[in-house]
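*Asks:* Below is one structure. I have some questions about it.
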Amino acid sequence: MTLTVSIRDMRPDRIRARIVTLQKWPRRGLLFGCGAFAALAHAPVFFFPALALGLVVLIWALDGASRDNRPLRAGFGRAFVFALGYFCAGTFWIAFAFFSRGWAFTPFGPFAVLGASILLALFWGMAGAVQARMAGRGAARIIAFALLIFAAEWLRGHVLTEFPWNLPAYVWQGGSAMSQSASIYGAWGLSLVSLLVLASPASLAGPAARLGRYVPVLAALLVLAGLYAWGARRLSDSDVTPMQDVRVRLVQIDMPQREKWAAGNEDLVRARYLAATTQAGLDAVTHVIWPEGALPVFLLEDGETLGLIGDQLYGGPVLVAGTARREIDEAGQTRYYNSVAAIRFPTGSPRVTHLYDKVRLVPFGEYIPLAPVFQSLGIDALSNLVDGYSSGPGPDSFEFSDGPPAAILVCYEIVYPGFAPRRENRPGWIINVSNDSWFGPTAGPSQHLNIARYRAIEDGLTVIRSASGGISGAIDPYGRLASRVEPYQEGAHDIVPPNSIEPTVYSRFGNTSVTVLGAFFLLLLVGLGSRRKQFLQDRVVKQ
């Protein structure tokens with residue numbers, strides 16, 4: 001008898017009823033916990049059922065909010081609390097950037113995570129408010145929910161925060177069969193499809209005809225099977241060849257940030273980078289790549305350092321190095337840039353052939369929003385060499401004498417779909433330099449790598465990553481890791497990059513395919529609403 005009651009209690013309708021009738025604080029605790037659990041769907045765990053469970057619980061909680069006397073307020077609060085748990089758990093690694101900076105910054109770490117998560121959760125809160133007020137019933141509410149959360153994700157990736165980290169698409173590991181449809185509609189399109197698929201089990205309980213409850217779930221299973229089959233076929237037909245006349249040397253050292261940036265350690269850091277750079281086999285290398293902010297100096301104006309590098313790279317490979325630089329603007333003010341320089345030493349003397357200034361800057365890491373207010377509280381930017389950077393003019397590619405031109409993306413510029421040049425300016429590959437050491441042994445570097453793999457899939461371009469303290473290596477145009485260098489694996493790591501492939505659908509048309517997909521589901525939602533309205537009218541007439 002006890003077993004029978006227990007099984008009945010697990011029925012979707014009963015679970016939903018319990019969630020709907022929960023008191024305020026138990027409900028908040030459940031939603032926050034489910035949101036935090038849902039973050040396990042992302043790297044490095046990739047347990048996508050966690051996000052499915054979380055979305056289902058949130059939809060059922062919003063069903064209850066629609067009956068509240070203040071549905072907008074109730075919907076906002078429930079979605080906000082869920083998203084707060086989701087973003088706190090998914091971006092907790094932000095705190096380690098403060099811990100790595102030193103004891104003076106350590107107390108601000110948890111507050112930075114909480115503050116950022118609150119800001120991001122506001123978008124989900126607004127989506128929840130609209131859902132509770134207007135979502136409707138049955139399968140229609142599932143589609144409405146997916147469209148609203150997708151809109152919230154789009155907004156947080158494009159306005160105010162501009163932080164499209166851990167999009168719903170990224171629950172599928174880059175390079176897997178499920179990730180391949182990003183070549184058609186990008187991470188944004190796959191995010192919308194993923195939300196619809198993962199939220200579909202919510203239809204098993206709620207205001208819908210008994211048989212109709214299973215239709216969304218069956219449709220979701222068919223979509224999953226179709227995406228997997230198409231992706232597996234695409235991977236089986238992939239034929240990636242090595243890039244001709246290109247051999248890349250990734251250089252990294254094993255040194256904590258505090259030690260690297262400690263006063264007086266410039267010579268030690270430089271010596272270790274030079275020792276790793278000049279390991280055996282340098283004569284066969286065409287490109288030496290150092291990560292973002294490799295040396296704690298202004299490399300381009302440090303004659304001693306350039307002279308030592310020139311002694312080793314005389315007449316040899318091009319050095320592509322991340323470095324801070326400064327210049328005086330027309331107003332006589334000193335401006336600082338987080339840059340990447342391509343430097344050759346044809347006669348032993350340096351010749352800067354290309355220079356790229358980072359465009360997308362990290363809040364608090366590279367600039368301080370409302371700087372006077374925060375500086376009055378003793379909070380400076382996390383960057384060590386300067387107090388804040390200026391943004392560069394725009395995306396650019398480097399032309400090399402060996403191999404095709406390469407787009408340069410610095411650090412989290414790789415998280416922006418479509419940021420690399422396209423069409424007639426399409427490069428032959430992408431070089432992504434980063435400093436993931438700030439985030440320590442957390443999920444941050446794994447998430448960063450997975451996001452980079454999606455950029456390769458979307459554009460059909462090989463991505464070479466040089467990520468100090470993160471996961472470096474070569475990503476082929478299908479998002480697969482052709483080679484992998486573990487964090488803090490000191491030394492020189494030589495790689496022959498895979499060739500890129502022809503432009504993908506997403507590379508050609510960008511977010512046009514996402515717009516078409518969104519319009520299709522919006523029309524489906526309108527159609528379901530009209531059908532239900534007609535059904536209710538016919539029922540009234542018959543009665």
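*Asks:* What do you get for chymotrypsin sites (Phe, Trp or Tyr not before Pro) in the stretch 102-148 restricted to DSSP loop and a cutoff of at most 12 other Cβ within 10 Å of the site's Cβ?
*Replies:* On the way: sites: TRP103, PHE105, PHE108, PHE111, PHE123, TRP124, PHE145; in loops: TRP103, PHE105.
Passing both the DSSP loop test and the Cβ count: TRP103.
*Asks:* Also: Based solely on its DSSP helices, what 222 nm [θ] is calculated for the chain when runs of n ≥ 4 H residues each add -39,500 (n - 2.57) and the sum is averaged over all residues, nearest 500 deg cm²/dmol? Show your work: numbers first, answer last.
*Replies:* Values: 17 runs with 252 residues, N = 543.
The helix contribution divided over the chain gives -15000 deg cm²/dmol.
*Asks:* Just flag the trypsin sites (Lys or Arg not before Pro) in the stretch 18-68 sitting in loop per DSSP whose Cβ has no more than 12 other Cβ atoms within 10 Å. Present the calculation step by step, with values, prior to reporting the outcome.
*Replies:* On the way: sites: ARG18, LYS24, ARG27, ARG28, ARG67; in loops: ARG67.
Answer by residue number: ARG67.
*Asks:* Could you work out Rg/(2.2 N^0.38 Å) for the stretch 208-327, with Rg from alpha carbons only?
*Replies:* On the way: Rg = 25.0 Å, N = 120, 2.2 N^0.38 = 13.6 Å.
Against the empirical 2.2 N^0.38 Å value, I get 1.84 for the stretch 208-327.
*Asks:* Still on this model: If eta is 0.692 mPa s and T is 37 °C, what Stokes-Einstein diffusion coefficient results for the stretch 22-104, Kirkwood Rh from Cα pairs, in µm²/s? Don't skip to the answer; put the middle values down first.
*Replies:* Values: Rh = 13.7 Å.
So the translational diffusion coefficient is about 240 µm²/s.
*Asks:* Which far-off residues, 5 or more places away or on another chain, put their amide H under 5 Å from the one on THR323, with H placed in the peptide plane?
*Replies:* Amide H to amide H, under 5 Å and 5 or more residues apart or across chains, THR323 pairs with GLY293, SER339, VAL340, ALA341.
*Asks:* Still on this structure: Divide, for the stretch 473-529, the radius of gyration over alpha carbons by 2.2 N^0.38 Å, where N is the residue count. Walk me through the numbers on the way to the answer.
*Replies:* Values: Rg = 19.8 Å, N = 57, 2.2 N^0.38 = 10.2 Å.
Computed over Cα atoms of the stretch 473-529, the ratio equals 1.93.
*Asks:* Neighbour counts of other C-beta atoms within 10 Å: give me PHE520, PHE82 arranged from fewest to most.
*Replies:* Numbers: PHE520 11, PHE82 29.
The most exposed by this proxy come first: PHE520, PHE82.
*Asks:* If you average 1/r over every pair of different alpha-carbon atoms in the stretch 248-503 and take one over that average, what Kirkwood value in Å do you get?
*Replies:* Kirkwood radius, the stretch 248-503: 18.5 Å.
*Asks:* With an 8 Å Cα cut-off and a minimum separation of 6 or more residues, compute the relative contact order for the stretch 29-133 in percent.
*Replies:* RCO, the stretch 29-133: 34 percent.
*Asks:* Regarding the chain, what are the three Cα extents along the principal axes, ordered largest first, in Å?
*Replies:* 94, 56, 53
*Asks:* Given a Förster distance of 30 Å, report the FRET efficiency between ASP237 and TYR488 from their Cβ-Cβ distance, rounded to the nearest 0.05. All intermediate terms of the calculation are to be shown ahead of the outcome.
*Replies:* Working: r = 37 Å, r/R0 = 1.23.
Here the calculated transfer efficiency is 0.20.
*Asks:* What ranking do 161-171, 326-336 get when scored by the average of other Cβ atoms within 10 Å per residue, highest first? Write out the running numbers ahead of the final one.
*Replies:* Values: 161-171: 22.4, 326-336: 10.8.
Sorting 161-171, 326-336 by mean packing, highest first, produces 161-171, 326-336.
*Asks:* Roughly how big is the chain's charge dipole about its Cα centre, with Cβ charges of +1 (Lys, Arg) and -1 (Asp, Glu), in debye to the nearest 20?
*Replies:* On the way: 48 positive and 40 negative charges, 805 e Å.
The dipole magnitude comes to about 3860 debye.
*Asks:* Something else about it: Determine the principal axes of the Cα atoms in the stretch 171-240, then give the extent along each, sorted from largest to smallest and rounded to whole angstroms.
*Replies:* The Cα atoms of the stretch 171-240 stretch 50, 20, 17 Å along the principal axes, largest first.
*Asks:* Taking 0.36 nm per intervening residue step and subtracting the Cα-Cα distance, what contour gain separates GLU330 from TYR314 on full extension?
*Replies:* Numbers: separation 16, 0.36 × 16 = 5.76 nm, distance 3.55 nm.
In short, 2.2 nm is gained.
*Asks:* If you don't mind, there's one more thing I want to ask. Per 0.36 nm of contour for each residue apart, how much would the distance between TRP103 and ARG70 grow if the chain were fully extended, relative to their Cα-Cα spacing?
*Replies:* On the way: separation 33, 0.36 × 33 = 11.88 nm, distance 4.52 nm.
Extra length available between TRP103 and ARG70 comes to 7.4 nm.
*Asks:* Let me ask something else. Order these by the 10 Å Cβ neighbour count, fewest first: GLU266, GLU399. Don't jump to the answer; show the numbers that get you there.
*Replies:* Numbers: GLU266 17, GLU399 12.
Exposure proxy ranking, most exposed first: GLU399, GLU266.
*Asks:* Continuing with the same structure: Tell me which DSSP H helices of the chain clear both cut-offs, 27 Å or more of axial length from alpha-carbon atoms and a mean Kyte-Doolittle hydropathy of at least -1.0. Could the numbers behind the result be given before it?
*Replies:* On the way: long enough: 71-90 (28 Å, 0.96); 108-134 (39 Å, 1.41); 138-158 (31 Å, 1.14); 214-236 (33 Å, 1.25); 512-542 (45 Å, 0.70).
In the chain, the long hydrophobic H runs are 71-90, 108-134, 138-158, 214-236, 512-542.
*Asks:* Could you give the length gained on full extension between GLU399 and ALA225, defined as 0.36 nm per residue of separation minus the Cα-Cα distance, in nm?
*Replies:* On the way: separation 174, 0.36 × 174 = 62.64 nm, distance 4.22 nm.
Taking 0.36 nm per residue and subtracting the Cα distance, the gain is 58.4 nm.
*Asks:* Let me ask something additional. So what is the relative contact order for the stretch 248-503, in percent, with contacts set as C-alpha pairs under 8 Å and at least six apart?
*Replies:* Details: 562 pairs, mean separation 48.0, N = 256.
Reported as a whole number, the value is 19 percent.
*Asks:* How long, wide and thick is the stretch 72-138, going by the Cα atoms along their three principal axes, in whole angstroms, largest first?
*Replies:* For the stretch 72-138, the Cα spread along each principal axis is 52, 19, 12 Å.
*Asks:* Relative contact order for the chain using alpha-carbon pairs under 8 Å, separation at least 6, rounded to a whole percent?
*Replies:* Details: 1092 pairs, mean separation 80.4, N = 543.
Relative CO of the chain lands at 15 percent.
*Asks:* Could you compute the FRET efficiency for THR161 and TYR214, with r as their C-beta to C-beta distance and R0 at 45 Å, rounded to 0.05? Before the final figure, lay out each step's value.
*Replies:* Values: r = 38 Å, r/R0 = 0.85.
Efficiency, rounded to the nearest 0.05: 0.75.
*Asks:* Right, another one. For a quick check: sort TYR228, TYR506, TYR478 by the number of other beta carbons within 10 angstrom, fewest at the front. Please list the in-between numbers first.
*Replies:* Working: TYR228 16, TYR506 27, TYR478 24.
Fewest to most other Cβ atoms nearby, the residues stand as TYR228, TYR478, TYR506.
Values quoted throughout were computed directly from the atomic coordinates according to the rules given, and no laboratory measurement underlies them. What you see is a predicted model; the values in this text were computed from it and never measured. Don't worry about glycine lacking a Cβ; one is built from the backbone with ideal geometry, like all the others, and counts go over all protein chains shown.
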